[in-house]
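Here is the structure we will look at.
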Amino acid sequence: MSSAGITRRRKFPGVAMSRILWTETSRPCPARPEPLSKGTDLRLVIFLLVLALLCAAAARAQGNYEIQVYASDTVPPHSTMVELHSNFTADGQRRYIDGIAPTHHAEHETIEITQGINSWSEVGFYIFTDEQNGLGVQWVGDHIRPRVRVPGQWHWPVGVSLSTEIGYQRAFFSPDTWTWELRPIVDKTVGRWYFAVNPALERTWHGPGVDRGADFAPAAKVSYDFTRQIAGGLEYYADFGNITQIASLHDQQQQFFPSIDLNVSPQWEINFGVGIGPTAATDHWIVKGILGRHFDWGKPRRSK
């Protein structure tokens, strides 16, 4: 996705039932996508449909750690994106609730490593950590996230991709230890403007949240390129509760993030934002930053 001559990748965050997280990223797209055969096109469509069917009854994102916001593009093949997501909860949950650690003044550092598979797919891996007074540095859990997108050769008017994320988090930080998320992604660049929506579904596999069914956790972003290097915008994240029984406003997750992206180089991703949570069920203030680096390994040489 490019605007004003700048190639960039943006992400949009999902919201866990007890916490909200998210991020933005800039990832260069391949200049020339690998050609797809008709057979590959058909396999991709089948794969998307299978994922949708499997995940329609499954998903719930990692809480205040993976503040990840997705755009439709994927990491190019023969390349890797390494990101550090730093999130500090300035005003959050202050007490232990049912043995779950509080979020107030917690520093969450997440390492995300995403490997491009081909011109239309990638796989991401996350390592979540928590640091707060009295607990020191704690490993929280890990997630894996395969993703596919509609190839550029299809010439759709908007960017479209589908991400599914599964992972484990320790019961000390989340009562739901195994979760799964399905995240459709639609985005569009119009001149200097960028728009994206992520109507995600989240579900618990193991824990008390199993009985809640699938949650609806949409996210959206609007941003504007003020210059070639600076873009500013507003990101919105929510969790409305069970998709068939929307929670009251008091119990919903709602959060707004004014944010800035610095596009200093196609190899680097720099993002900063401050999140405001107006509802009682939301951490009220979160400061987040993302630092990412893209590594291009080039095409492997053929053996003689």
Note: among Phe125, Phe173, just one is among the hydrophobic types (A, V, I, L, M, F, W, C) and under 25 Å from Gly277 (Cβ atoms), namely Phe173
Kindly indicate the residue of the range 79-104 that is more than 24 Å from Thr177 (Cβ to Cβ) and at pLDDT 90 or above and also surrounded by the most Cβ atoms within 10 Å (Cβ to Cβ) among those meeting that condition.
Met81
Residues that are part of a loop (DSSP other than H, G, I, E, B), free of Cβ contacts under 8 Å to residues at least 24 places away in the same chain and under 17 Å from Ile230 (Cα atoms), drawn from the range 245-299
Ser265
Any idea which of (1) more than 30 Å from Val210 (Cβ to Cβ); (2) surrounded by fewer than 17 Cβ atoms within 10 Å (Cβ to Cβ) is the one Gly292 doesn't satisfy?
(2)
Residues of the range 130-148 that turn out to be within 14 Å of Glu112 (Cβ to Cβ) and touching a residue at least 60 places away in the same chain (Cβ under 8 Å), as a count
4
Within the range 225-244, considering residues that are farther than 16 Å from His284 by Cβ, charged (D, E, K, R) and in a strand (DSSP E or B), the one farthest from the chain's Cα centre (by Cα):
Asp225
Looking only at the range 114-162, count how many residues are among the aromatic types (Phe, Trp, Tyr) and under 24 Å from Tyr65 (Cβ atoms).
4
Taking the condition under 26 Å from Val75 (Cβ atoms) and surrounded by 22 or more Cβ atoms within 10 Å (Cβ to Cβ), does Trp180 pass?
yes
Looking only at the range 271-287, and only at residues there that are under 19 Å from the mean Cα position of the chain (by Cα) and crowded, with 18+ Cβ neighbours inside 10 Å, the one that is farthest from Arg94 (Cα to Cα)
Asn271
When you check Gln138 against the structure, is it surrounded by fewer than 17 Cβ atoms within 10 Å (Cβ to Cβ) and either touching a strand residue (DSSP E or B) at 6+ places or on another chain (Cβ under 8 Å) or small (Gly, Ala, Ser) (or both), yes or no?
yes
Of the listed residues (Asp251, Asp215), the one being crowded, with 23+ Cβ neighbours inside 10 Å and of a type in the set (Asp, Glu) is Asp215
Would you be able to say whether some residue in the range 182-193 is under 17 Å from Ile243 (Cβ atoms) and in contact with a helix residue (DSSP H, G or I) (Cβ under 7 Å, 6 or more places away or on another chain)?
yes
One residue from Lys299, Lys304 being of a type in the set (D, E, K, R), modelled with pLDDT under 90 and under 21 Å from Thr74 (Cα atoms):
Lys299
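The values are calculated or read from the model by the stated rules, or taken from the named source; none is laboratory data. Remember, it's a predicted structure, so these values are computed and weren't measured experimentally. Note: ideal-geometry Cβ built from the backbone for every residue, glycine included; neighbour counts use all protein chains shown.
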